[in-house]
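Chemist: Structure incoming, see below.
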Amino acid sequence: MEEDFGLLQEATREAEAAEDSRALYEVKMKFLGRTGKVTALLKGMKELAAEARPAFGKKVNALREALEEKFAALEEKLKRKELEAKLAEEQIDVTMPGRHTKAGALHPVTRVKDQLIDLFSGMGFEVFEGPEIENDYYNFTALNTPADHPARDMQDTFYLTEEFLLRTQTSAGQIRVMEKKKPPIKILSPGRVFRSDDDATHSPMFHQMEGLVVDRGITLCDLQGMLDEFARKMFSETSKTRLRPSYFPFTEPSVEVDVSCAACGGKGCSLCKGTGWIEVLGAGMVNRRVLENCGVDPDEYSGFAFGMGIERIAMLKYGINNIKLLTENDVRFLEQFKD
Ligand code: PHE
């Protein structure tokens, strides 16, 4: 270039010294920006004599073009370098071993409860949860167990006052549901219950799962058919059930339900104490008096109810020999129930 006003060299030196694209941009602005040195030359052109202007303008434009080319080339080089640095920095080693995170597990009682809810909702049952503090009427009297009834001794009750108590059975929920809802009824009622009882298979607090079905023409056969399905899904495909006569004030007839021992297939082992059967729940046809107490006509409707201990099912299913393991929350125990 014939004349560069000393700017070509100056700009080139500064541009080449720029360490990143940001610094380069600043140099570019210093020369080519609105208040830059090259721009200032053009602005100063009006001071010149008119005939000198075209030649001067040509020179400045040539200078500007030369600088623009230079900056563009340098910018491309710096940008590429910066991109490479960024990629190198963000590189992930996909072959690195993962970091170990400790995951929790659902408590076996929760697992069994969820499995039961799953199983019975598949048969059309809806979940209803009643209160843990009940009054005498719902827990006993309405369930055909008046104050002087000997069956009250079957369950050692924690009384809070004369009237209120910690419910001893989720059966109290049967009354609450039937008071509010007219048949057809098909409910499942899980919850905590309390009894003054304490040994390897009994705990003062445990969980029950209650079921109640009320409609026209319900029979004991419906109960057993449903229980067979329950046993197959909960224990094993080949599980069978057996009904034995029993007594509960709120069901008539009442039965105790045994499931064939899944550990020995019914041949007899230590788990089933050689009998081939394991008792899993109480059930029966809802007593007419209970239906009457809730304003349901027993000549039109009938129903069955069942109640099982969730801890008991969990112990059988997972081979747990002491109910205390379920409340101690020892991590070494709980960790065994991961999926
Ligand atoms: N409530 C009874 C108990 O706790 C179980 C049961 C429920 C029996 C429903 C019959 C019908 O032992």
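Bear in mind that the values in this text are calculations on the coordinates, not laboratory data. Predicted, not measured: the structure shown is a model, and the values here were computed from it. Note that each Cβ is placed from the backbone with ideal geometry, even for glycine, and that neighbours are counted across all protein chains shown.
Chemist: Tell me the volume per residue, in Å³, of the convex hull enclosing the alpha carbons of segment 1-49.
Modeler: On the way: hull volume 3.2 nm³, N = 49.
Considering the Cα atoms of segment 1-49, their hull volume per residue is 66 Å³.
Chemist: Across every pair of different alpha-carbon atoms, what Kirkwood hydrodynamic radius in Å does segment 108-337 reach? Mind showing how you got there, number by number?
Modeler: Values: mean 1/r = 0.0550 Å⁻¹.
By the Kirkwood definition, the hydrodynamic radius is 18.2 Å.
Chemist: Right, here's the next one. Which order do HIS202, HIS100, HIS207 fall in if you start with the one that has the fewest other Cβ atoms within 10 Å? Before the final figure, lay out each step's value.
Modeler: Numbers: HIS202 14, HIS100 6, HIS207 22.
Fewest-to-most Cβ neighbours within 10 Å comes out as HIS100, HIS202, HIS207.
Chemist: Using Cβ-Cβ distances only, list the Cys residues of the chain with no partner cysteine under 4.7 Å, sorted by number.
Modeler: Cys with no partner Cβ under 4.7 Å: CYS221, CYS294.
Chemist: A further question on this structure: At LYS77 and GLU126, where each label point lies 7 Å from the Cα along Cα→Cβ, what is the point-to-point distance in nanometres?
Modeler: That separation, rounded to one decimal, is 7.8 nm.
Chemist: With each label point set 7 Å from Cα along the Cα-Cβ vector, what nm distance links CYS264 and ARG332?
Modeler: Reported label-point gap for CYS264 and ARG332 is 3.0 nm.
Chemist: What relative contact order, as a whole-number percentage, does the chain give when Cα pairs under 8 Å and 6 or more residues apart are counted?
Modeler: That works out to 15 percent.
Chemist: Angle between the Cα long axis of helix 21-32 and the longest principal axis of the chain, 0 to 90 degrees, nearest 10?
Modeler: With both axes taken from Cα atoms, the answer is about 40 degrees.
Chemist: Here is a follow-up. For segment 95-248, with only Lys/Arg (+1) and Asp/Glu (-1) charged at the beta-carbon, what is the dipole magnitude about the Cα centre, in debye rounded to 20?
Modeler: For segment 95-248, the charge dipole is close to 740 debye.
Chemist: A further question on this structure: How far is the Cα center of segment 82-160 from the Cα center of segment 201-253, in Å?
Modeler: Going from one Cα centre to the other spans 21 Å.
Chemist: Continuing with this model, one more query. Treat the count of other C-beta atoms within 10 Å as a stand-in for reagent exposure and order THR101, THR219, THR35, THR168 from fewest to most.
Modeler: THR101, THR35, THR219, THR168
Chemist: Then there's this: Among all lysine pairs in segment 14-120 that are eight or more places apart or on different chains, how many have alpha carbons less than 19 angstrom apart?
Modeler: For segment 14-120, qualifying lysine pairs total 23.
Chemist: Still on this model: Where is the GNM fluctuation largest for the chain (alpha-carbon springs, 10 angstrom cutoff): GLY33, GLY276, GLY268?
Modeler: With Cα springs under 10 Å in the chain, the top fluctuation among GLY33, GLY276, GLY268 is at GLY33.
Chemist: Lys/Arg Cβ at +1, Asp/Glu Cβ at -1, dipole of the chain taken about the Cα centre: which of GLY124, GLY268, PHE337 is farthest positive-ward?
Modeler: Towards the positive end, the residue furthest out is PHE337.
Chemist: Over segment 138-194, consider all pairs of different Cα atoms and compute the Kirkwood hydrodynamic radius from their mean reciprocal separation; express it in Å, one decimal. Present the calculation step by step, with values, prior to reporting the outcome.
Modeler: Working: mean 1/r = 0.0807 Å⁻¹.
Result for segment 138-194, one decimal place: 12.4 Å.
Chemist: When a footprinting reagent is the concern and you count Cβ atoms within 10 Å, what order do SER254, SER171 take, fewest first?
Modeler: SER254, SER171
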